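Each remark here refers to the structure printed beneath this line.
Read-outs throughout are calculated quantities, based only on the coordinates presented, and are distinct from any laboratory measurement. Values in this document were obtained by computation on a predicted structure and should not be read as measured data. Because the Cβ atoms are built from the backbone with ideal geometry, glycine has one as well, and the counts that use them run over all protein chains shown.
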Amino acid sequence: MKTYLLPLALTLALVACQRPEVEPPEATARPSCSSDHVDHELQLPEGFCALVVADSLGRGRHLAVRGNGDVFLALRQPNDAGAIAAVRDTDGDGRADRVAYFGDTGGTGIHWRGEHLYFAADTFIVRYPMGDGLLPEGPPETIVSGFASQPSHAAKPFEFDDAGFMYVNVGAPSNACMESRRTPGSPGQEPCSLLEGTSGVWRFRADVPGQTMADDGVRYASGIRNGVANAWNVTTGKLYVVQHGRDDLHRFWPEHFTEEQNNALPAEEFFEVEEGDDFGWPYCYYDHQEGLKVLSPEYGGDGMAIGRCGQAKDPLFGFTAHWAPNDLVFYEGTDLHFPERFHGGAFVAFHGSWNRAPEQQGFNVTFAPFADGAVTDVPEVFADGFAGPDPVRTAGSAFARPTGLAVGPDGSLYVSDSVRGRIWRIVYQGS
């Protein structure tokens with residue numbers, strides 16, 4: 001296992017630093033919006049500001065914040081220093097001045113549980129024993145292995161419940177389970193073979209090492225194309241997922257869908273997930289404009305027919321198409337300094353589209369008011385400006401793309417970026 005401990009700089013020296021650990025400030029310390037580290041390019045509601053905690057860490061995915069304020073960022077691919085970046089702010093100014101790297105394999109999912117940091121690569125999940133420092137105190141222990149290697153939608157984000165279980169997204173490596181992959185007019189497989197081992201949520205024991213997908217995984221829910229954004233809600237005691245919806249309605253089925261319809265459909269679906277649920281992929285998709293789950297064209301649909309989709313579970317809410325929801329977090333906790341209207345609500349990190357025309361959209365953090373297991377009002381863009389001031393023609397031209405979310409111990413909202421490896425900390429200091 002590679003480990004590196006480094007001072008933070010624009011260019012990180014790829015050598016181990018022998019300087020002893022420095023205790024972080026109190027976790028409740030909240031830096032001021034007058035800090036030199038505020039990112040003035042982000043657009044936030046009045047009274048909020050975003051501090052740049054760290055930059056140039058690597059292509060970031062999800063992140064986890066522990067009780068002392070240390071932040072751990074999963075990297076999609078390891079850089080020369082490692083696959084997980086850990087940062088610490090020792091003087092309380094909002095900017096990290098210590099960074100450490102460890103791990104050899106990139107991934108997406110990362111969470112704290114007790115004294116362990118759990119991390120999910122594409123084909124396995126491990127946990128690291130952690131003390132007070134930024135580096136593990138021992139080698140990683142494998143919790144689950146045996147996830148199949150796949151060319152797309154391979155990320156394994158996961159969540160814990162309050163009863164000792166872990167819920168893992170297993171995305172489908174497909175758009176719509178066509179007989180001929182991404183071929184105009186190709187019908188869908190009947191039945192879709194991918195439903196056997198992907199396109200859903202699998203449940204495992206959270207603290208039992210040596211589990212395998214084949215022997216120990218329990219299929220918890222089906223018909224989810226790719227649920228990278230997922231979160232456990234402690235108030236309702238349920239799992240929630242925001243799905244990446246399918247693409248190419250117009251390109252593959254121009255007789256049924258216009259380019260304008262393709263830009264808007266289908267919805268990115270916000271699910272409440274219970275054991276045994278089936279949300280309908282690939283046979284169905286959700287039209288949020290009509291409020292209906294309808295039959296996919298690969299299975300005989302024309303944009304209006306419902307057919308078997310009357311049996312699929314509807315979402316709580318349908319966000320607009322192709323924004324790519326990459327993380328979900330509920331604003332819950334004991335020290336929440338955001339205004340009351342945000343308490344209990346859901347934040348969604350949208351990575352941004354790649355297949356709209358002529359401009360790409362998303363690249364924001366959206367807030368959905370939430371109570372009693374329902375979205376209670378129309379969601380609103382909470383944080384914007386990540387992509388930069390110019391129109392985004394291709395996703396690759398965006399300055400930054402929101403990917404991970406976490407609520408810190410003081411109620412700050414942390415956001416990670418997959419382009420430059422930046423971490424923001426959004427704080428509220430009043431209007």
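Results, tabulated for the structure shown:
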{"item": "The chain, relative contact order in percent, only Cα pairs under 8 angstrom and at least six apart counted", "result": "15"}
{"item": "Shape of segment 308-375, Cα gyration tensor, a/c cut at 1.5", "result": "oblate"}
{"item": "Residues LEU249, LEU44 arranged by fewest to most Cβ contacts within 10 Å", "result": "LEU44, LEU249"}
{"item": "Sites VAL234 and ASP390, calculated FRET efficiency, Cβ-Cβ separation with R0 35 Å, nearest 0.05", "result": "0.30"}
{"item": "Charge sum, other residues only, whose C-beta stays under 10 Å from VAL242's C-beta, Lys/Arg counted +1 and Asp/Glu -1", "result": "-3"}
{"item": "Residues of segment 260-276 with amide N under 18 Å of the 7 Å Cα→Cβ point at ASP372", "result": "272"}
{"item": "Length gained when the stretch THR90-GLU274 is fully extended (0.36 nm per residue, less Cα-Cα span)", "result": "62.1 nm"}
{"item": "Radius 13 Å from Cβ of ALA206, net charge of other residues (Lys, Arg +1; Asp, Glu -1)", "result": "-2"}
{"item": "Under 24 Å between alpha carbons - lysine pairs in the chain that sit 8 or more apart or on different chains", "result": "6"}
{"item": "Length gained when the stretch CYS33-GLU190 is fully extended (0.36 nm per residue, less Cα-Cα span)", "result": "50.9 nm"}
{"item": "Dipole magnitude (debye, nearest 20) for segment 213-308, charges at Cβ of Lys, Arg, Asp, Glu", "result": "100"}
{"item": "Unit charges on C-beta of K, R, D, E only; dipole of the chain, Debye", "result": "940"}
{"item": "Spatial separation of Cα centroids for segment 337-363 and segment 39-92, in angstrom", "result": "18"}
{"item": "Label-to-label distance, nm, for residues given as ASN68 and GLU380 (7 Å Cα→Cβ offset)", "result": "3.8"}
{"item": "Translational D in µm²/s for the chain (Stokes-Einstein at 37 °C, 0.692 mPa s, Kirkwood Rh from C-alpha pairs)", "result": "150"}
{"item": "Cβ-based exposure ranking for HIS250, HIS40, HIS351, in which fewest neighbours within 10 Å come first", "result": "HIS40, HIS250, HIS351"}
{"item": "Cβ-based charge dipole, the chain, positive-most Cα from SER149, ALA231, PRO45", "result": "SER149"}
{"item": "Ellipticity estimate at 222 nm from DSSP helix runs (n ≥ 4, -39,500 (n - 2.57)) divided over the chain, nearest 500", "result": "-500 deg cm²/dmol"}
{"item": "Efficiency of FRET between ARG181 and GLN43 - r from beta-carbon atoms, R0 51 angstrom, step 0.05", "result": "0.85"}
{"item": "Farthest positive-ward along segment 88-213 dipole, Cα basis, beta-carbon charges - from VAL126, CYS177, MET213", "result": "CYS177"}
{"item": "Dipole magnitude of segment 338-431 about its Cα centre (Cβ charges: Lys, Arg +1; Asp, Glu -1), debye to nearest 20", "result": "400"}
{"item": "Normalised contact order of segment 168-236, rounded percent, pairs of Cα under 8 Å and 6 or more residues apart", "result": "37"}
